[in-house]
Structures are given as structure tokens and as C-alpha cells.
Amino acid sequence: MAAYTHFEIDRMLDSLTVLVDTRERDTPALRARLAGLGRPWRREKLDFGDYSCEITTPDGETVSAARKVAVERKMSLDELCGCFTAGRERFGREFERAKQAGAKVYLLIEDAGWETLFAGAYRSRMRPEALAASLLAWCARYGLTPLFCRAETSGKLIARILRYEVKALLERGAL
């Protein structure tokens, strides 16, 4: 791995393109999220997560961070409940792939917070205690970082997460 100067890292971060998994459905919410990125983006099949990125090195090489960092986005606690119930095996396989790759994964949950989770303020019949236990077990098992935000903030937050994760990877010589 090459060691880069501060100025080279800044230029590489300026070249950051967000990768959007091809399985993210084209909806008005997706289009708003993509506009909120404030970055160029393109669709690509990702092995895990909904969003990652790539950069261009000073010598013109495109380097993907898709095996190093990802953001998995859920539009609500109800969608998350589905991942921990009927979709648990599939969800687990995705996080196992990320763990095997040594990737850091953020779980971005829109329009929710710990308060709404513990209050059971969602439609699913999954009990708040069970949802919290599953989410926190995933954090412990897979090194998952859960974040809550409003839907209108998710694009901006995704872009910032990816920028600072890639910056740290470049500073460590790990990308």
C-alpha cells in the first residue's frame, strides 16, 4: 500500500464516487437520497451493504473501497424488524460476507431512534426488547455501527461516512 501526502489524500477524497448497489430500488426516495450525496455516484453490484465508494489515486488508478467499508440503509424500524425475522438468514449472510472481508459496516436507520425503538413505535409485532437485542447482538457479532437519521439527511450522512472512512484508510495505508 502506498503512502500518500496530505495533499494527495485530499485530491483522492475530492475524486470520491459513491457506489450504489444495483438492488436499491429506483424510487423518489432513492433519487432524493442520491441528490443529497453531493457527490458523483454510479450503480454497481455490491457484495454487502447498499453504499460504498471508489477513489482515483494520483497515478489515475481507480480504487474501490467496497470490500473495506459499506453503509447498509433501512428506511424504518419496520424494515429492520423484517431483517431480523423473516429475512434473518439472508441478513446474516450479508454481514458474514462483510466480516470475512474485514469491512466496517454502518447500519443507517431512517426516521427512527433508540427512543422509538424502545417505545415500540413501529408496526411490526417484534417486541422492542427483541429488536434491541438483535440489533445490539449484530453490533457485537459483526462490529456493526448503527446510526439513526431522518430520511432527508441520509444522502449527506452516507457521503460523509464514506469520506471519513476512506480518509482513515488512506492515512493508514490500508487502501
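Tabulated results
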quantity: Under 13 Å from the Cα of LYS167 - aspartates and glutamates, other chains or at least 8 residues apart; calculated: GLU8, ASP10, ASP14, GLU54
quantity: Region 99-175 - convex hull of alpha carbons, volume per residue in Å³; calculated: 103
quantity: Cα centre as origin, Lys/Arg/Asp/Glu Cβ charges: region 105-144 dipole, Debye; calculated: 220
quantity: For the chain: relative contact order, % (alpha-carbon pairs under 8 angstrom, 6 or more apart); calculated: 28
quantity: Largest-first principal axis extents of the Cα set of region 47-105 (Å); calculated: 47, 24, 13
quantity: Scaled radius of gyration (Cα, divided by 2.2 N^0.38 Å) that region 79-141 gives; calculated: 1.14
quantity: Chain lengthening between TYR164 and ALA32 when straightened (0.36 nm per residue, less Cα-Cα); calculated: 45.3 nm
quantity: GLU171 versus THR85: modelled label distance in nm, points set 7 Å from Cα along the beta carbon direction; calculated: 4.3
quantity: Solvent exposure of the chain as accessible area per residue, Å², 1.4 Å probe; calculated: 52
quantity: Relative contact order (%) - criterion: Cα under 8 Å, at least six apart; region: region 1-90; calculated: 27
quantity: Estimated distance in nm for a label pair at ALA119 and LEU136, the labels positioned 7 Å out from Cα along Cα-to-Cβ; calculated: 2.0
quantity: Isotropic mean projected area of the C-alpha convex hull, the chain (nm²); calculated: 10.0
quantity: Solvent-accessible area, 1.4 Å probe, carbon plus sulfur percent, for the chain; calculated: 52
quantity: Ellipticity estimate at 222 nm from DSSP helix runs (n ≥ 4, -39,500 (n - 2.57)) divided over the chain, nearest 500; calculated: -14000 deg cm²/dmol
quantity: Acute angle (nearest 10 degrees) that the helix 154-172 long axis makes with the longest principal axis of the chain, alpha-carbon atoms; calculated: 50
quantity: Environment charge of THR57, counting only residues whose C-beta is closer than 12 Å and scoring Lys/Arg +1, Asp/Glu -1; calculated: -3
quantity: Charge dipole of region 23-129 about the Cα centre (unit charges at C-beta), most positive-ward option of LEU108, PHE95, VAL69; calculated: PHE95
quantity: Beta bridges by DSSP in region 23-175, antiparallel share as percent, to the nearest 5; calculated: 25
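The values are calculated or read from the model by the stated rules, or taken from the named source; none is laboratory data. Remember, predicted model here, so these are calculated numbers, not experimental data. Note that each Cβ is placed from the backbone with ideal geometry, even for glycine, and that neighbours are counted across all protein chains shown. Accessible surface is based on the protein model in full, side chains and every heavy atom, while ligands, DNA and RNA are left aside. Shrake-Rupley method; radii C 1.70, N 1.55, O 1.52, S 1.80 Å.
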